[in-house]
Structure formats: C-alpha cells, structure tokens
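Read the structure below first, then the notes.
Bear in mind that the values in this text are calculations on the coordinates, not laboratory data. Fair warning: this is a prediction, and the values are worked out from it, not measured in the lab. No Cβ is skipped: glycine too gets one built from the backbone with ideal geometry, and neighbour counts run over all protein chains shown.
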Amino acid sequence: MTEAGTGGGLPASLLRRLVEACGSTHVISDATTLATLRSDAGRRPGGLPGVAVLPGDVDAVRAVVRACVEARVPWVLRGAGTGLAGGARPVPGGVLIVLTRLRRVLEVALEDGRVVVEAGVSLATVASRVAPTHVLPPDPLSARVATVGGAIATDAGGPRSLKYGTVGDYVDGLDVVLPDGGLLHLRRGGAGFDLLGPLIGSAGRLGIIVAAHLRVLPTPEVTCILVTRWPSLLDAARAARALCASPVTPAALELLDDLALRALADAGGDRRLATHLGGAALVVELDGPREDLALALETTLEICGTHGVLDARVCLEPGDQEAIWATLGLGHVALRRVMADFLLGDLAVPPAQLVPALAGLAERASASGLRVAQLARGEGILHPVIAVEGGDLARAEALLAEMATHCRALGGRAGAEFGDEPAAEGRPGGLPELGASFDPHGLLGSGAEPDSARGRGVAPA
Amino acid sequence: MTALIAPAGAVALAAALGEAARERRPVRIAGSGSKGRWGAPPRQERQILLSTQRLDEIRHHREDRIAEVGAGVPLGRLQSELAQAGQMLALDPPLGERATVGGIIATGDSGPLSHRFGTPRDLILGARLALPDGRIVDTGAPLPRRGSQAELTRLLCGSFGLLGVVVSVTVRLVPLPARTATALGLARGPHQLAAAARSLAAGPLELMALDYAWRGGRGGLLAQTAGPNAVMRAQRAAAILREQGLGGVEVTAADNALWARQRAGQRSSTAVIARVHTAPSQLAALLGVVDAVEATAVGRAGTGVSYLELDPARLVELVRLLPSGSAAQLLDHPAGSVGLPTAAATTPSPAVLALMRSLKRHFDPHGICNPGLSLGGVPIP
C-alpha cells in the first residue's frame, strides 16, 4: 500500500519495484505497522524503516535486493522477531525484508537425518515434521515462532545447547541470496573454503539465508526431567555447576528465582515447577540410552543431595515434560503479569563464573531497588528481567548496564552484540574484510547503524 | 632460498607476516608436516617457512570445559594434558600424536569421532588470527557459546592458511569416557552394509563413532559406544548387526587398534586420497563406485563422509560415477605428483568460486599466505 506521503522518503521507483516483486499487500509503508517492526524481543527499538516487504519466494527476495542495490538503499532482515540481540532492528529509512512468507518445507529425508526448509519456516514446524523419530535438538524456547533463517543468522542456542550446541552446528547446507542478488547453493563437504561458516551467526550481514539443509538427530531413547527446589538461587547454581563438573552431561539446566516462579504460578504454570513456595528451582533434563540414563539420574540426585536440595521430582511422562517446558516457555508472558513493563537482559559468563555472576546481579538488583527476576542456564547464560517502574526505562537500562559490566569483568559478554556494544580493542564488531567480500556495496544492515560495525578498514583491492 | 622462522607469540608472528607482505615474500605455514603434501604446495622463490612449533601454550579452563590452545601444540600432547582432568578434545584425525591443533583446524581434518562431535568447525569457539597485513584479530570469545564474529572462526576451519595464520584457538571439550566398546560385523554386499548402518544411525544408542571399511565387494561396520555402560550398549549394537545379517559379529572393549586402522585408511603413501561427501542413504551406491574404480574406502557411515584411496588415473572416472548430490575433493597424494586435474574434485559453481577468490583477495591482497595451494583440488589463486 504505497499511498502518497508514505514510504519514508524512498524513491517512488524503488517502491514500485518492491510492489512488483512482492505484491502490494506485502509492501508495508504505513507508519503504525512499521513502528511495530522497529524492535525484536530485545526491547530497544531501531529506526523506523522506510518500508517493510514480505517477499513470497526466493526470486522475490532477489528482486527486492536488486532494487535496493540499484537505489543504493540499505536493508535489514527480519524473521519472526524473537531475537534478543538486535539483529533485526531496522536501519532508519531503509528497507526491512521480512522473511516469514518463505515457509515451504522442501524435503524431509529422515533416512539421511536431513530436512530442507525455507528460511521462514518455524523451528516448531521443523520439529513437528521430523517427530516422533527425530529431533532438532538446540530448541530455543522461542522455537514455536522463531524462524530457521533467524536461528541460523543468530546461531541461536537454547536450553539444550548445553549438550547439543547451537542451531549452526546442525546446518549442512544453505541457499543464500548475496547482496548483488546472486543466489548461492552452499553445501557442506564441497572443495574450497567453508562458506557456510561465515554465514552462520552473521546476523544477516553477509547474505540472505533463503533455505537451509538441517541435520536432525534420532530422538533420545529416554528423556527425564528433574524439578529440584532450593533455598536460594545461588544454592541451585552451585548444584548446576557441580553437575557440569561431573561425568553427567545434562541436556538442559534451567535456573529460576523466586520472583520468576511466582510469576509462572500466577500465569497458571505447571504446579510441579510454578509455586509460591519461595526459594529457587533448578530444572535438569537428562536424555540418552536407557542404561546411561539410570546412572545419570542416580549421579544427579546424589549431587543435588550433597548440595542441600529441598525437594526433587522426577518426571518421566512425556505429557508432564511438555507441561514443564511449556511453563518454562511462559517466562516473559508470565512476567508481564507481575511487571507491567520490563527490560530483558541477555548476558553470558564463562560457566565457572555462574555463581559469582548471579550473586553480583542480585546485589546490583537489590541496591537499585528495582524488582528483578532471574532466569539463567547452567552453561553461563543469564537473562535478568528488570521491572520498568513508573515508566522509568532509563533506570532499568542503567541497572542492566551495571549488570553487563559485572559480567564482562568476569570474562563474559553482554548480548545485543550485533550493534549496541562498542567494539572492544582487538575485537572489532565484524571484520571489514569479510563484509567487503560478500557485500561490496555495503548495503546489508544488521540492526546496527550502517557505519558503526562495518565500512571501516580495507577497501577492496 | 628458504628462510625459516618460528615466532614464539602472536605479536612476533604478526610482525613477521607484515614484513613478508611488505617484501612480497611468500609464506608457507608449517605445523608438524603431517599433511605437508595436501594442497600440492608449489615451491616458491624467496619463500619463508613459518613454523608454528613455538606457539605451544595450553590454557585449560576445566570447569568451563574449554581450552585455549596454541596452533603448534601437537594434538597428542593436548589430549594427554586434558585426560589428566578427565576431558578431551573430540577430534581424532590420523597421525593425531604429532599433527598440530593449528594444522588440524586449518585443514578441517577429523576422524571417526566426527560421527558424534562433528568436525573442527563444530568444536571451535574462537581463534586468534594473524592477518597478512600484520594485524592480530581475535574472533569469538572463550565462552561456551559463540558470539559475534563466529563467522570468521568457522571460516578458518579448512581454509588451509590462505587467509592468515591461526595463532591459537579456543575449543569446546567433552568428558573423557571412562571406557569404550565396539561392535563389529562383516557385510557381504553394499546393500547389507548400508542397511545395517542405517538402522544403527537411526537408533538411540548415542554412538561415538559409526564407521565402515570397504574393498573389493566386501567390508565391515564398526560401532563404538562410550561410558560406564559401553559394553552393554555395544551389545545392543551387535544385536542390530546380527539382525541385519552381518557375519562374524562381536563386541570388544579393547578397540583402540580397530579405530587406529580406520584412521590410517584416511592416508596413503602410494596412491591418492579423495574425500567424498554423500548422503548416507547413497552409501550402497557409493560402495559400488568404490568397487568400480578399484578403490579402498573407509568412512563415516552415519554422516556420509568417505575417504577413498585410489590410483590417480581413476580420479576423473570416480567423479563421473559419484551418486548425484555428492561432492569430492582431493586430499593426499603421492610425493612428487603435482598438477593433478581439477576435474578430480567437484568444482564449486563460478559464483561460489568468485566469492572464495574475493575472500582471499580481501584478506591477503598480496597473496603471500600459502600461495599456490589448491583447496581439495580447487585452486584459489
């Protein structure tokens, strides 16, 4: 709908070509709708895009890209918008390419442990197409809506990354539209450089992933969830660390503090986990062949015992397990009930620093006087949820900044790594050589201002 | 005239590289020499031989299950150090005693454990890289999950030192299994072996490795399990092999020699080695091709990666006969045999090749890093 006076000042010829490529109903230029596309799940908005387009197939993506190149207008990619890293934040006045209409499942070849899907297919769709014999294990909690393309572009992890790594570890092939509109079919095992490597986690800086070949694994023979309760979050964290130091490799270790548990209880979460009992919870998922699982369960219970566990429940029924994961997945929605507005942090520390990191976050939270719910993973991922009280976003942001500083001092990093964080010495935010090789015109954005993370450095020879 | 240098750290190395670039002197990067013939390196005038030997530091963060490892550290030394803390790097390429970690990363080499743990690009979390213009770049971070710039980290794996010199890498570790066991059986035909491999790969046994060996119309399948219950699980694997009609099925806990033989099959001193990626469902077809070109093959039955040892004269035929969707590249070849046909590899499309060349040009504008090397049979000038 390219009405007069809209389109963010983009050339009429560009808008015309975008409509030709995507169809008029899939070119969004009204400011109200565009405003909803300014941020991902990470809360901080990017600029207002001039226009958002939803190409329906690979050719349309290529046509959009060619039109942008010719008009010299930068673009940013967006999947379902579930990321926390700011990768989908638009360049002001640029084009936002939303890939959720690329949702065809192209091939399910379970005898090869492979599925081929378009980038806009949700991880949940992949999971349901390969079930019950196979799984795509990294499984972010946002998997219900998160798209395959977005998960690869951010190399997304999830609760099961502890054992199974990130989504990028399961990519065996990609179809990629380059910033000049060219289409590459990249497969693992070909001669020459591994070009899949740079595209995984590139946040859309190098090319547009339009389809992916994903490796899936046989479903574990037995899966077991242990819901354990602890006097405090730090007790739970110490037990989580002890588990990681043992020969047991849990599939998932999820930590929740009292406030988070209360919010989940209020939201009607599963009673085994979500209660007003106080203290903290550690959810341990174990999976594997049956002989090993019995042993792992025994070791886990023993370690919990020596670390002062208050209560431990074993859930073996798939239905119960689903209820627990659904409850964990409620996280942010549930917290909305106890905090009208909040800021969600995305921090990481080396696993060995989990306990001091959580302790430091709690200290800073209580010094600030703001309510903070703590969600964390045993591998050192921290998602503090900071209440925005009385509309004072700056206060919450200041606290999050303090928390980020604390994590960096422990050797960790803060999220929003695709734009927010100033490049530290020796760690430039994306090597210019890489960008220049893929994107000689420098038009692919990544939620960052076009000039901050790119465009510096060596000009093409 | 070849000059030999062995810088002891990133700063010295980067300085040496920067100087070589200014003087336009080609730099040949050398680890232990265990893969010295790969890529058919041509002799260069005024060449500098850069040894990574003194980049030998190991920083093991046991609790984080990661290690920062100098490029010149032999994998064998790393593994014995990690083993004392009950951990390992899940990479087991051939000649692992002396092959350096930097060389394994740069060539993307791997062994039977890649069935479960993948190849270097799946285990690397970060790297310190010296660029040909003298800069030092850190990619990724010593955290268990990759962050921004992981892009470059993975690109280094299998880049053969064409983009710069890897100074050190950060890698993910796994617990060292208390014990292992292997089930093995003999197949009389390609379809029997492939069917058995399929049912093991689709099973829930969490195998450490699932390998085959093949020659002259017959071969064997090996499935390794690990952990306190390794033998029990290997027996379940053996039952599957029997169900599928394999002969001579047995389980052994003394399986080191079996796997060493599999690794050895990935090298040759007299013939060429082609690495072939096929869909696992095409394994039977591939074995037919192996017989047709009179090759000997070992490989990962679950992931579809095979190593074919064959007469160089049969390479072109091999590429022609491969099942569709397969990719082949040339690894090892006999000393002195240079100038093998590029048709010996599945060449990338012109667009992909152009992008590879663009990367080389941007990272190494003067072309000093390992010039003339061909990547798996594909020259990247």
Quiz item: Any idea what the relative contact order of the range B:38-81 is, in percent, if you count C-alpha pairs under 8 Å spaced at least 6 apart?
Solution: 32 percent
Quiz item: Fully extended, how many nm does the chain gain between A:His276 and A:Glu20 (0.36 nm per residue separation, minus their Cα-Cα distance)?
Solution: 86.6 nm
Practice problem: State which helices in chain B qualify, where a helix is a whole DSSP H run, it must extend 27 Å or more along its own axis by its Cα atoms, and its mean Kyte-Doolittle hydropathy must be at least 0.0. | Solution: none
Quiz item: Taking the Cα centre of chain A as origin and charging only Cβ (+1 Lys, Arg; -1 Asp, Glu), how large is the dipole, in debye to the nearest 20?
Solution: 720 debye
Practice problem: Would you tally the net charge around B:Phe363, using a Cβ to Cβ cut-off of less than 12 Å, leaving B:Phe363 out, and scoring K and R as +1, D and E as -1? | Solution: +1
Quiz item: By counting other Cβ atoms within 10 Å of each Cβ, how are B:Glu68, B:Glu57 ranked from fewest to most?
Solution: B:Glu57, B:Glu68
Exercise. Treat each spin label as a single point 7 Å out from the Cα along the C-beta direction, and report the A:Asp311 to A:Ala131 distance in nm.
Key: 2.8 nm
Quiz item: Residue-wise, which Karplus ³J(HN,Hα) couplings in Hz belong to the range A:310-315, taking 6.51 cos²θ - 1.76 cosθ + 1.60, θ = phi - 60°, and x for glycine or proline?
Solution: 8, 7, 9, 10, 9, 10
Quiz item: On a 0 to 90 degree scale, rounded to 10, what angle separates helix A:290-306 from the longest Cα axis of chain A?
Solution: 70 degrees
Self-check item: Neighbour-count order for B:Trp214, B:Trp38, fewest beta carbons within 10 angstrom listed first
Solution: B:Trp38, B:Trp214
Quiz item: What nm value, rounded to one decimal, do you get for the distance between A:Ala12 and B:Arg46 when each label is placed 7 Å out toward the C-beta?
Solution: 6.0 nm
Practice problem: Run through the DSSP bridge list for the protein assembly as shown and note the antiparallel percent, rounded to the nearest 5. | Solution: 90 percent
Quiz prompt | Long-range amide H partners of A:Asp172 with built H, under 5 Å | solution = A:His213, A:Leu214, A:Arg215
Quiz item: In percent, how large is the relative contact order of the range A:277-402, given Cα pairs closer than 8 Å and 6 or more residues apart?
Solution: 21 percent
Quiz item: Taking the Cα-to-Cβ direction at A:Val108 and at B:Ala8 and moving 7 Å from each Cα, how far apart do the two end points lie in nm?
Solution: 6.1 nm
Quiz item: Assigning unit charges at the beta carbon (Lys, Arg +1; Asp, Glu -1) and nothing else, what dipole magnitude in debye, to the nearest 20, does the protein assembly as shown show about its Cα centre?
Solution: 1360 debye
Quiz item: Using θ = phi - 60° and the Karplus form 6.51 cos²θ - 1.76 cosθ + 1.60, what ³J(HN,Hα) does each residue of the range B:214-229 get, whole Hz, x for Gly and Pro?
Solution: 8, 6, x, x, 8, x, x, 10, 10, 10, 9, 10, 9, x, x, 9
Quiz item: Where the Cα atoms of chain A are projected onto their three principal axes, how long is each span, largest first, in whole Å?
Solution: 68, 55, 43
Quiz item: Taking each residue of B:274-281 in turn, how many C-beta atoms of other protein chains fall within 10 Å of its C-beta, and what is the average?
Solution: 3
Quiz item: For the residues A:Trp230, B:Trp259, what sequence is obtained by ranking on other C-beta atoms within 10 Å, fewest first?
Solution: B:Trp259, A:Trp230
Quiz item: Cα axis of helix A:354-368 to longest principal axis of chain A: angle in degrees, 0 to 90, nearest 10?
Solution: 80 degrees
Quiz item: For chain A, what is the relative contact order in percent, using Cα pairs closer than 8 Å and at least 6 residues apart in sequence?
Solution: 15 percent
Quiz item: In the range A:58-207, what % of DSSP beta bridges are antiparallel (nearest 5)?
Solution: 70 percent
Quiz prompt | Sites B:Asn256 and A:His185, calculated FRET efficiency, Cβ-Cβ separation with R0 45 Å, nearest 0.05 | solution = 0.65
Practice problem: Just the ratio, please: alpha-carbon radius of gyration of the protein assembly as shown over 2.2 N^0.38 Å, N its number of residues. | Solution: 0.93
